Amino acid sequence: MDPRSSNETTMKGKDPKFKPDHSECANLILPLREALEILSGKWKLPIIMSLSFGNKRFKKIAEEIPGITDRMLSKELKDLEKIQLIDRTVIDSFPPGVEYSITKHGKSLEKVINELTQWAVSHYQKTHTGSDSRP
């Protein structure tokens, strides 16, 4: 089977028989840039990760994400709700409360976030230890 006919969107540069198809590369860059734009900023992914551990109220999310201000958290939660990655539910209690949860669409990022986190840990170890700092 021709590797270029595969629906997989992986980097195939290690296959010596593979001939690069530059139009395929361009077609993959566009959705990648779109994803990066949607998830841009330093707070969206940590918020999604926090909610992947369960539904939470505003203050609990704020406690779990060091450095985020209430104003920034509020803005990011609104943005994530708008793009359907999280849900906001008003709780009928006294006093009234709001709970945030990750949507099915948001959960689809779980594998990507886990892989990115593992890469970050590995990268940190590689660049901050003397034993594995050479290519």
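The values are calculated or read from the model by the stated rules, or taken from the named source; none is laboratory data. Keep in mind the model is a prediction, meaning the values are calculated, not measured. Backbone-built Cβ (ideal geometry, glycine too); neighbour counts: all protein chains shown. Ligands, DNA and RNA are stripped out before the accessible areas are found, and what is left, the full protein with its side chains, is counted by its heavy atoms. Shrake-Rupley method; radii C 1.70, N 1.55, O 1.52, S 1.80 Å.
Checked against the criterion of being at pLDDT below 95, open to solvent by 70 Å² or more (accessible area, probe 1.4 Å), in contact with a Lys or Arg (Cβ under 7 Å, 6 or more places away or on another chain) and not in a strand (DSSP E or B), segment 121-132 contains one or more residues that satisfy it.
Being modelled with pLDDT of 95 or more, open to solvent by less than 70 Å² (accessible area, probe 1.4 Å) and of a type outside the set (F, W, Y) holds for only one residue in L80, L39, and it is L80. Taking first residues from segment 60-84 that are closer than 17 Å to K107 by Cα and among the acidic types (D, E) and partners that are open to solvent by 80 Å² or more (accessible area, probe 1.4 Å) and at pLDDT 95 or above, the Cβ contacts under 7 Å between residues at least 6 apart in sequence or on separate chains come to E81/R88. Applying the selection to segment 90-120, what residues are without any contact (Cβ under 8 Å) to a residue 24 or more places away in the chain, of a type in the set (V, I, T) and closer than 16 Å to N55 by Cα? Within segment 90-120, V90, I91, T103 meet the criteria. Output the residue which, of all residues in segment 46-67 that are open to solvent by 70 Å² or more (accessible area, probe 1.4 Å) and part of a helix (DSSP H, G or I), is farthest from T117 (Cα to Cα). Among those that are open to solvent by 70 Å² or more (accessible area, probe 1.4 Å) and part of a helix (DSSP H, G or I), it is K59. For segment 79-86, does any single residue satisfy the condition of being assigned to a strand (DSSP E or B) and touching a helix residue (DSSP H, G or I) at 6+ places or on another chain (Cβ under 8 Å)? Scanning segment 79-86 turns up at least one residue that is assigned to a strand (DSSP E or B) and touching a helix residue (DSSP H, G or I) at 6+ places or on another chain (Cβ under 8 Å). Residue by residue through segment 87-114, note down the ones that are outside any helix (DSSP H, G or I) and either open to solvent by 80 Å² or more (accessible area, probe 1.4 Å) or within 12 Å of W43 (Cβ to Cβ) (or both). Passing the criteria: R88, V90, D92, F94, P95, P96. The set of residues in segment 49-81 being more than 10 Å from Y100 (Cα to Cα) and among the aliphatic types (A, V, I, L, M) consists of M49, A62, I65, I68, M72, L73, L80.
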